[in-house]
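What follows draws every value from the coordinates through simple rules; no lab data is involved. Model, not experiment: these values are computed from the prediction. Every residue, glycine as well, gets a Cβ built from its backbone with ideal geometry; the counts of neighbours run over all protein chains shown.
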Amino acid sequence: MTVEVRRSIRRLGAGYSEMSALIGFAERQLYVYKRYWVWEIVWLFYSIVSVLSIGFLASGLDTMGAGSGGFDLHRAQLYLLIGALLWGYLSLVFMEAAYAIAWERWEGTIEYTFMAPVRRVTHLMGICLFAIGYGLARTFIVLLVAVAIFDIDFSHANIGGALFVLGASIVPLIGLAILTSVLPLLSPQKGEQMSFAVQGFMLLVSGVYYPLSVLPAPLQVAGAISPLTYALAGMRRSLLEGAGVGEQIPTAALLVAMGVVLVPAGIVVFGWAERRAKSLGLLKRSG
């Protein structure tokens, strides 16, 4: 057997091992959610209530006279519902991946995970893989409930274009999630609360319920560099105006470019935070 063949076999074996580890981390997250399934039902109920509240808010505008004149009440309701649904999905993927480290510390498994002979990128991507799948499943349930209650008209929607943008948005979303997951490593006491603060700021500047033009100039700048801004705007274009895949290529390319920057940056920052936490003894559950 030649040296080249042996090297190829070793590379294939290493690739299979990494893929098994990737799926293993995603499966482990599933078991954690099974353990706390009652709480997941509570959060699912909260997600449904949040989206329905936005829909009823738009419906209530009619009683206040907002539906008169040139104001398109139905479009406004659809605009808000799309924002609520998409934000529910994007924030879920973002925060579930970001909270993974906090959960590891709480469960007392973080030291074992960090000592495992697995690449950190495999560990983090496995967590993100589960978060994406779980987020899609939960958002689909919320969408079914919203469609059953409100007269949602998707006759002008281009589902292919929306899915194209959604797929591209996952790349920078993973980068943001990894960057935010660093916070519990930096501070066992306040890191989780800071994750909530980051989520709230993203909600404020990403145009979830209103266009960026209504924000003060500094917040508009923050919104312009948020990947979620372009993800929401792109999917709204497809769902409200029927923009197809071809029209969404610039938006998808921008999102992927942001991801190409954010994912490596997140992994580098996470590696620094991990080394810092180990040297300072911050991995224990007690902090």
For peptides 195-207, 173-185, sequence by mean Cβ density within 10 Å, most packed first: 173-185, 195-207
Quick note on LEU85, LEU166, LEU254, ordering by fewest other C-beta atoms within 10 Å, gives LEU254, LEU166, LEU85
Treat the count of other C-beta atoms within 10 Å as a stand-in for reagent exposure and order HIS156, HIS123, HIS74 from fewest to most. HIS156, HIS74, HIS123
Can you put LEU144, LEU186 in order, fewest other beta carbons within 10 Å first? LEU144, LEU186
Could you state the number of Å between the C-alpha centres of the stretch 219-287 and the stretch 145-203? 9 Å
